[in-house]
Amino acid sequence: MNGAVDRVLDRVKLRRAPGRPDQVHLAVTDLCFLPCLHCDIWKNKTPDLDGHHWERLIDRLGPWCAPAGMNFVGGEPLLRKDLESLMARAVRNGFEVSFNTNGWLVTDKRAQSICDAGASIAYVSLDGISAGTVDHSRGRAGSFDKAMEAIDRFDSLPNPRVVIAAILHGENAAEFPELLDFVRDRKLQLVVQPLYQNFGEVGFDRNWHESSPLFPKTGAGIAAIDHAVDILAAERMRGEPSATQWDSSWPTRSISETLSQTTDTSVERATPTCPSMPRATFGCAISSSRWGASLTSSHWHSSGMVPPPCGGVGKSAGVTGPATC
Ligand SMILES: C[S@@+](CC[C@H](N)C(=O)[O-])C[C@H]1O[C@@H](n2cnc3c(N)ncnc32)[C@H](O)[C@@H]1O
Ligand code: SF4
C-alpha cells in the first residue's frame, strides 16, 4: 500500500521536499589520461577516494533524494575498477544512473558490465564529427575512433542509452550540422556544452577566453557558433527527438526565453551573469535534457556537493539551474 502511495506522490513530485536534488553528480575520480586542450584534469595526480567512501555516500544519498538521477563523472570515471559496483549500488538505492566517458576504455567487456550494473544513460563525449577535429581537441590520435566504437558498443546493448555530449567551440562549430545528422540517423540524443574555462584551473578567470585555444577568435568563428546554435535551436523547436527532453520531470523554458539565451554568442556575454555559473561562455547551453543548464556547469558545482549560491532554482546541488539565475 505504502509503495503505491509513494509511486503516486513521486509522479506528482510531492514526496520529495523542495530543494532536494533530483540529479546528483559524483566526480568519482580526478584522474584522466587524455591531454585535452579544453580540460587540464589529466594533469591532476590526486589519488581517488576509496570505494567505501562512495558506497557510504550513495547509501546516504539514496534515502534522502532517490528517486533521482545519479551521474558518475570525473576525470575519466571508467578508470575506476569499482565503477560498475558503485553504479549497481546507486541503482539499488533508487537512482537512475548515468555517466560520462571519453570512450577510450569502453571495451566489449566493460560495456557489458556497465549494462549489467543497470546504467541508464552513457554520455559519450564527441566534440565534432571528424577525426581531425576530435583528435586535435582531445590531444590524442584515435580519440574520434574510440568514441565512435564506444557509441556502437553501448548502442548494441539494451542499456545504457547513448547521449552524445559535444562541446561547442571555435574549431568544431562548422561540424554541428553533420553531427546532428549523425545523431538523428543513429536515433541518439545530443547534449551540447558551451566551452568553458579550462576544467583543470582553480578559480575563475574572467579573461580565460583570451588564452583558450578553442575559443573563437574571429568574427567568422563567432558566426559559425551562431549558425550552429541556430540549427540546434531549430531542431529543438521542431521537437525532434535528438534535441527534446526525454524525461518530463526536467524543467523547461519557453522558446522565446530560450532563444534569447541561446542566440547570444558574443564575447561580452562571456561575463558571468550569475556567480554560480562562472563558466558560462557563449551565453547558451543547449541540452536535450534541459534548456539553460549544462552538464558541465552543473557538474562543476555538484562534484563538491555544494549548492550554488543562487539555489539552483529549487533543485539544489546546482544541477538543474538555468543559465541565468
Ligand atoms: C570533465 S569530463 C569527464 C568525463 C570524461 N572524461 C569525458 O571527457 O567525457 C565531463 C564533460 O565535460 C566536458 N568538458 C571538459 N572540459 C570542458 C570545457 N572546458 N568546457 C566545456 N565542457 C568541457 C567534457 O567534454 C565531458 O563531456
Ligand atoms: S575532458 Fe574528459 S577526457 Fe578530457 S581531460 Fe577532461 S576528464 Fe579527461
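The values are calculated or read from the model by the stated rules, or taken from the named source; none is laboratory data. Computed from a prediction, not measured in an experiment: that's the story for all the values here. Every residue, glycine among them, receives a Cβ derived from its backbone with ideal geometry; neighbour counts consider all protein chains shown.
Within the stretch 85-127, the residues that satisfy the criterion of being more than 23 Å from ALA166 (Cβ to Cβ) and among the aliphatic types (A, V, I, L, M) are LEU86, MET87, ALA88, ALA90, VAL91, ALA117. In the stretch 137-158, which residues are polar (S, T, N, Q) and surrounded by fewer than 16 Cβ atoms within 10 Å (Cβ to Cβ)? Listed by number, the list holds a single entry, SER156. Tell me which residues, restricted to the stretch 130-142, are within 15 Å of ligand 1 (Cβ to nearest atom), within 13 Å of ALA166 (Cβ to Cβ) and out of contact with any His (no Cβ under 7 Å at 6 or more places or on another chain). Once the filter is applied, which keeps residues that are within 15 Å of ligand 1 (Cβ to nearest atom), within 13 Å of ALA166 (Cβ to Cβ) and out of contact with any His (no Cβ under 7 Å at 6 or more places or on another chain), the stretch 130-142 yields THR133, VAL134, ARG138. If you go through the stretch 159-170 and keep only what is modelled with pLDDT of 95 or more and either within 14 Å of ligand 2 (Cβ to nearest atom) or buried (at least 22 other Cβ atoms within 10 Å of the Cβ) (or both), you end up with just PRO160. Selection of the stretch 179-204 for residues being away from ligand 2 (no atom under 16 Å from the Cβ) and not in a loop (DSSP other than H, G, I, E, B) yields LEU179, LEU180, ASP181, PHE182, VAL183, ARG184, ASP185, GLN189, LEU190. With the structure loaded, tell me whether GLY103 is over 26 Å from ARG89 (Cα atoms) and either under 18 Å from the mean Cα position of the chain (by Cα) or among the acidic types (Asp, Glu) (or both) or whether it fails that test. The answer is no for GLY103. Quick one: count up the residues across the stretch 128-178 that are over 28 Å from GLU210 (Cα atoms), among the small types (Gly, Ala, Ser) and not in a loop (DSSP other than H, G, I, E, B). Count: 2. Inclusion of ASP40 among residues that are charged (D, E, K, R) and either over 20 Å from the mean Cα position of the chain (by Cα) or modelled with pLDDT of 90 or more (or both) is warranted.
Scanning the stretch 55-80 for residues that are within 16 Å of ligand 1 (Cβ to nearest atom), of a type outside the set (Asp, Glu) and in contact with a helix residue (DSSP H, G or I) (Cβ under 9 Å, 6 or more places away or on another chain) turns up MET70, ASN71, PHE72, VAL73, GLY74, GLY75, PRO77, LEU78, ARG80.
Within the stretch 171-204, if we keep just the residues that are surrounded by fewer than 21 Cβ atoms within 10 Å (Cβ to Cβ) and among the small types (Gly, Ala, Ser), the residue that is farthest from ligand 1 (Cβ to nearest atom) turns out to be ALA174. Consider the stretch 205-217. How many of its residues are part of a loop (DSSP other than H, G, I, E, B) and either within 14 Å of ligand 1 (Cβ to nearest atom) or out of contact with any Ser or Thr (no Cβ under 9 Å at 6 or more places or on another chain) (or both)? Number satisfying all stated conditions: 8.
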